[in-house]
Each structure stands twice: as structure tokens, then as C-alpha cells.
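The values are calculated or read from the model by the stated rules, or taken from the named source; none is laboratory data. What you see is a predicted model; the values in this text were computed from it and never measured. All Cβ positions, even for glycine, are placed from backbone atoms using ideal geometry, and neighbour counts span all protein chains on display. The protein model used for the area step is the full one, side chains on, heavy atoms only, and it has no ligands, DNA or RNA in it. Shrake-Rupley method; radii C 1.70, N 1.55, O 1.52, S 1.80 Å.
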Amino acid sequence: LPSWNYARLLNDTPQDVVKFIKDNKLPGPIFNDYLIGGYFLWGLYPDYKVFIDPRQGPYSKQVWGDFQRLANSLPLTKEKFKELTDKYPFRIAVIHYGYFPILEWFLSSPDWKLIYFDRVAAVVIHTSVIPSLTKQALGTEAGTVRFLDLKRAQTLRNLFYFYIHLGPTYARDIIEIYRKNVNSFYVNKNNDLQQMELALQRRLADGRLSHNADQD
């Protein structure tokens with residue numbers, strides 16, 4: 001493949017997440033979603049087994065159905081989330097932002113902690129393994145500075161809906177990065193900006209996001 005095409009392909013893969021998991025030797029087993037399973041097969045082998053990947057066939061007897069029921073339970077219920085975590089004893093979960101309703105349950109659960117994220121996906125761990133991790137593994141910077149040069153609209157939209165859970169200042173930063181970096185000829189730019197503004201205002205208005213959440 002031409003180098004420019006390969007670089008664009010990597011922009012859609014959780015390469016930094018894979019590096020973080022391996023560098024910090026996070027304890028498995030691991031839960032991952034359907035979108036990133038294929039990359040995980042390559043990036044994490046042989047240190048980790050994947051939960052699911054786009055082949056579907058090897059998982060058809062049980063895991064595929066369980067994942068589909070979870071992904072299609074929108075809004076996701078506490079019962080469905082508990083059913084998954086009780087059945088499968090994973091201690092790491094890596095969720096693509098395309099499955100944000102699932103990720104949001106992990107972020108909202110007192111039993112799980114966000115420890116890393118890149119432009120594509122987030123890593124959460126079960127609180128029981130926190131004592132075994134290094135300060136380096138637990139010290140991820142939440143700020144948006146590392147995304148200042150992003151130009152892809154879909155990636156920035158996904159990051160916005162992730163950051164809106166962390167705090168309004170972060171979410172506002174992503175809106176401004178989008179406004180500045182996304183090409184004005186992109187047909188959905190104005191609509192995307194309007195939808196993000198509305199989502200932020202709704203989140204603040206319904207009390208799920210404190211104005212000072214990202215100042216704690």
C-alpha cells in the first residue's frame with residue numbers, strides 16, 4: 001500500500017491503546033468490541049486473546065449472540081450490563097467510541113476505572129486490579145492537547161461524545177478543534193457543530209454533567 005494510504009488506515013486503529021496495554025502489562029482477560037477485534041488479533045497476539053472479532057464464525061455458539069444482545073440493548077440496562085460482567089470474568093475492557101453506549105456504562109460504574117484512551121477507543125479496568133498497576137499506568141493525562149492536529153470529522157465527533165462524559169471544558173475544546181481543523185467544504189460541518197453544541201447543552205441541563213466536572 002502507498003504510505004499515505006497506510007497512514008490513513010492507522011488513524012482508524014487503536015494502535016496507541018495496544019501499545020499502552022502491552023507496555024504496562026495489563027492483566028487479562030480482555031473484553032473488546034466487534035469494531036476493534038480484528039486489529040487486536042494482530043496487535044495483541046500472543047499476549048492476549050480477543051473477546052470477539054469481525055470473523056463472527058468462531059464466536060457463533062455463544063459470544064457473538066451475547067455481544068449482539070448487549071450492543072442492541074439501547075438504552076443499555078443495568079441488568080444487561082451486569083449479565084455481561086457476571087458471565088465473562090474480564091478485567092480489562094477496550095471500547096471503540098462507535099459503541100459509546102457500552103463504554104458509558106463502564107465509565108459510570110463504580111467497579112470500573114478509565115485509565116487510558118486514544119483517538120479511537122478507551123481502556124477501562126476493574127477496580128480490583130488497580131493495586132497491581134504502576135503509577136505510570138494510572139497517570140494518563142485527560143486533556144485534549146494531543147488531539148489539536150486532528151482533522152477528520154468522524155474522529156473528532158467520536159472524541160466529543162467521549163469527552164462530554166468527562167467534563168464540559170474538554171467537550172468545548174473538541175468543538176473548537178473541529179471548528180478550526182475540519183475543512184469548510186465538508187458538507188456536514190455546520191450540522192455537526194450544531195449537534196455537538198446541542199448535546200453539550202442538554203448534558204449540562206439534565207444534570208448529568210457538572211459545569212466543574214473537569215476541574216476536580
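Miscellaneous remarks
- Cα centroid separation - region 9-88 against region 187-207, whole Å: 29
- Fraction of accessible area attributable to carbon and sulfur, region 48-136 (%, probe 1.4 Å): 53
- CD proxy at 222 nm, helix term only [per DSSP H run n ≥ 4: -39500 (n - 2.57); per residue of the chain; nearest 500]: -14000 deg cm²/dmol
- D149 - accessible surface, heavy atoms, 1.4 Å probe, Å² rounded to 10: 130
- Amide H contacts of L76 (H built 1.01 Å from N, in plane; Pro and chain starts excluded): no residue 5 or more places away or on another chain comes under 5 Å.
- Reach of K151 by Cα under 20 Å, taken over lysines that are not fewer than 8 positions away in the same chain: K180, K189
- Summarising the amide proton neighbourhood of W112: residues at separation of 5 or more, or on other chains, whose placed amide H is nearer than 5 Å comprise T127.
- Accessible area per residue for region 110-156, computed on protein heavy atoms with a 1.4 Å probe, is 53 Å².
- Spin-label pair K82/D12, simplified geometry with 7 Å Cα→Cβ offset, distance in nm: 3.8
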